[in-house]
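The values are calculated or read from the model by the stated rules, or taken from the named source; none is laboratory data. In this text, all values refer to a predicted model and were calculated from it rather than measured experimentally. Every residue, glycine among them, receives a Cβ derived from its backbone with ideal geometry; neighbour counts consider all protein chains shown. Surface accessibility is based on the protein's heavy atoms, side chains included, excluding ligands, DNA and RNA. Shrake-Rupley method; radii C 1.70, N 1.55, O 1.52, S 1.80 Å.
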Amino acid sequence: MDGYAFHAQDRHARADTGASGYLTIDLAALRRNYRKLSLAVAPAAAAAVVKADAYGLGAEPVSRSLHAQGCRHFFVAQLMEAVELKPRLPNDTQLFVLNGLQPGAEESCADAGIVPVLNSLEQFRRWSLAAQKLGRVLPAVVQFDTGMSRLGVAPQERTALAAELKDCRNIEILFIMSHLACADEMDNGQNAEQLAEMHRIAAEFPDLDVCFANSGGVFLGGDYHGVLARPGIALYGGAPSAGKPNPMEPVVRLEVAVIQTRTVPAGTRIGYGGAHVASSEMRLATIAGGYADGFPRSLSGRGAVFHAGVRLPIVGRVSMDSITVDVTALPDGALSLGSLVEVFGPHQTLEDVAEAAGTISYEILTGLGRRYDRRYR
Ligand SMILES: *Cc1c(COP(=O)(O)O)cnc(C)c1O
């Protein structure tokens, strides 16, 4: 289907690796998404948010691929993620830690050449103390809370921070930032409120550049871009704005192998708790993915996978390592041991699966787990 630059692989699992699920990550599509976002925010630059192992897709291959496309700023959530990623990236990149630093982590952050996002006066003071101790000027980003009440310097700390910053000689602020709570809802009034607050902050810290938009923010228009945007989900093909056509290209394809098939008569109970009872004769296939592989248990009796374009509904409860699907709609014998079914790909988007599970694409991607054979194209 449209947007899938890569071709469906064999319809059967490969025996050599023993894997029973295949996660294909299309790095060319990832780079095209980056390019699209870069063009949308120009003349601002686009960073990449690669926290949580690049939303489950692999922080190293994703970051290296984006670097080749010109990306130089990468955001993770935790210092440990940055410490692992830093030596695997070219030297001309900057890595930022969104969650800030735990007390005592300042020196390892400084030693590794990683830039913390300082979320409070306390974190600012600790970073300055570390700079003093090391006899160096240390770089930092300061995040302000503009209305999400999650992370960032609180309004009542701003005056004190401005005063301390004025006298501080050992911290170099690279830029200031904030995060939008409702950027995926284009019509939500909170966006404009947060933007107005960001403008007030920018006026209080007049010499500093602003970094503001996440994926949704990119599509709210130029006012939200500052000098650097921070998209995550849109890079990976997730929809940046709810209820609008998704302008991004799919990046991830997931196929899972059939591990058993059977035909059951009417009245047969299927899966844990006997939660589904066959109302007529059914053909079933059990596939090798369960909640440990990122199929939320909320997909029990909801949602579907596809084979040869045919929708195969999930029946009964999602198990840890498998789910059972109704394959009655397929010709007898169409599926056998090792056949692959599509979880997301040409017939079903990541957003479709998320919606069926009652969650968001972010949670599906970051939950994918470690048991798939990952292939990068
Ligand atoms: C996760 C995150 C992002 C990326 O958000 P998307 O909606 O995935 O684009 C940007 N900024 C901050 C502070 C984040 O926590």
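How large is Rg/Rh for the stretch 176-224, to two decimals, with Cα atoms and a Kirkwood Rh? Please list the in-between numbers first.
Working: Rg = 10.4 Å, Rh = 10.9 Å.
That ratio is 0.96, to two decimals.
The residues of the chain expose, per residue, 44 Å² of accessible area to a 1.4 Å probe.
Here the scattering of the chain is modelled by Debye summation over its C-alpha atoms, one equal scatterer each and no solvent; at q = 0.15 Å⁻¹ the log10 of I(q)/I(0) is -1.22.
Contact order, relative form, for the chain: 19 percent (alpha carbon pairs under 8 Å, 6 or more residues apart, mean separation divided by residue count). Measuring how big the stretch 90-129 is from its alpha-carbon positions, Rg and Dmax come out at 10.2, 32 Å.
In plain terms, if you count all Cα to Cα distances in the stretch 27-236 and split them into 5 Å steps from zero, the share in each step is 1, 8, 16, 19, 20, 17, 12, 6, 1, 0 percent. With axes computed from alpha carbons, what is the tilt in degrees of helix 27-41 against the longest principal axis of the chain, rounded to the nearest 10 within 0 to 90? Taking Cα atoms only, the helix is inclined about 40 degrees. Relative to one another, the C-alpha centroids of the stretch 132-186 and the stretch 89-130 are positioned 12 Å apart. Residue ranking by accessible heavy-atom surface, 1.4 Å probe, largest first, among 224, 291 comes out as 291, 224. Computed on the Cα atoms alone, the convex hull of the stretch 256-329 gives a volume of 77 cubic angstrom per residue.
Heavy-atom accessible surface of residue 375, to the nearest 10 Å², is about 40 Å², with a 1.4 Å probe and all protein chains retained. Placing 323, 360 in order of accessible area, with the largest value first and a 1.4 Å probe, yields 360, 323.
If you count the DSSP beta bridges with both ends in the chain, what percent of them are antiparallel, to the nearest 5?
55
Once the C-beta distance of residue 162 and residue 355 is scaled by a Förster radius of 41 Å, the resulting FRET efficiency is 0.40 to the nearest 0.05.
In plain terms, the chain from residue 42 to residue 370 could stretch by 114.5 nm, reckoned as 0.36 nm per residue minus the Cα-Cα distance.
Projected label points at residue 320 and residue 292, each 7 Å from Cα along the beta carbon direction, are separated by 0.5 nanometres.
Annotation: aspartates and glutamates with alpha-carbon distance below 18 angstrom to residue 51 (same-chain offsets under eight excluded): 60, 81, 84, 363. Once both labels are positioned 7 Å from their Cα atoms along Cα-to-Cβ, the gap between residue 336 and residue 260 label points is 1.9 nm. Computed over the chain with a Gaussian network model linking Cα atoms closer than 10 Å, the most mobile of 123, 156, 194 is 156.
The apolar share of the surface of the stretch 97-229, taken as the fraction of accessible area on carbon and sulfur atoms (1.4 Å probe, ligands and nucleic acids excluded), comes to 48 percent.
By the Stokes-Einstein formula, at 0.692 mPa s and 37 °C, the stretch 252-376 with its Kirkwood radius over alpha-carbon pairs has D equal to 227 µm²/s.
Residue 182 contributes an accessible area of around 20 Å² to the protein surface, as traced by a 1.4 Å probe with all chains present.
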